[in-house]
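Everything on this sheet refers to the single structure shown next.
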Amino acid sequence: MSALIIFRIKVSDPSLLKEYQRKVPPLVEKHKGKFLVRSDQVTTLEGPEENRRIVVIEFPELEDAKGFYDSVEYKEAKKLRENISEFECIAVQGI
């Protein structure tokens with residue numbers, strides 16, 4: 001059963017996030033994931049206004065999603081976004 005990781009991201013200076021954005025896609029692929037959404041073009045249809053960048057990554061299983069997020073390589077990549085961004089992240093089991 002597939003699983004999704006959903007990020008909501010606010011970045012103070014997008015140019016400083018380039019190295020993080022370069023390192024993460026190979027890690028996603030290594031953990032059998034694929035990007036479904038990477039966009040800052042968000043339209044709120046209901047609820048509080050959303051103005052953050054949204055990233056959605058699909059994995060074959062929830063354990064794959066957790067394996068990506070908890071990997072040593074991703075923990076290193078996360079350091080590249082410290083002090084320049086605010087990330088919220090959830091993982092959800094798919095249908």
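The values are calculated or read from the model by the stated rules, or taken from the named source; none is laboratory data. Predicted model, so just to flag it, every value in this text is computed and none were measured. Cβ: placed from backbone, ideal geometry, glycine included. Neighbour counts: every protein chain shown. The protein model used for the area step is the full one, side chains on, heavy atoms only, and it has no ligands, DNA or RNA in it. Shrake-Rupley method; radii C 1.70, N 1.55, O 1.52, S 1.80 Å.
Here GLY47 passes the criteria (1) more than 23 Å from SER12 (Cβ to Cβ); (2) touching an Asp or Glu at 6+ places or on another chain (Cβ under 7 Å) except the one numbered (2).
Give the residue that is farthest from SER12 (Cα to Cα), with candidates limited to residues of the stretch 86-95 that are open to solvent by 30 Å² or more (accessible area, probe 1.4 Å) and not aromatic (Phe, Trp, Tyr). Applying the filter and picking the extreme gives ILE95.
For the stretch 41-63, how many residues are open to solvent by less than 100 Å² (accessible area, probe 1.4 Å) and among the acidic types (Asp, Glu)?
3
Evaluation of LEU16 against the conditions (1) farther than 21 Å from MET1 by Cβ; (2) surrounded by 14 or more Cβ atoms within 10 Å (Cβ to Cβ); (3) at pLDDT 95 or above shows that the sole unmet condition is (3). The set of residues in the stretch 70-95 that are out of contact with any strand residue (DSSP E or B) (no Cβ under 7 Å at 6 or more places or on another chain) and among the β-branched types (Val, Ile, Thr) comprises VAL72, ILE95.
For the stretch 64-77, a residue qualifies if it is surrounded by fewer than 16 Cβ atoms within 10 Å (Cβ to Cβ) and either in contact (Cβ under 8 Å) with a residue 12 or more places away in the chain or under 25 Å from PRO14 (Cβ atoms) (or both), and the qualifying residues are LYS66, SER71, GLU73, LYS75, GLU76.
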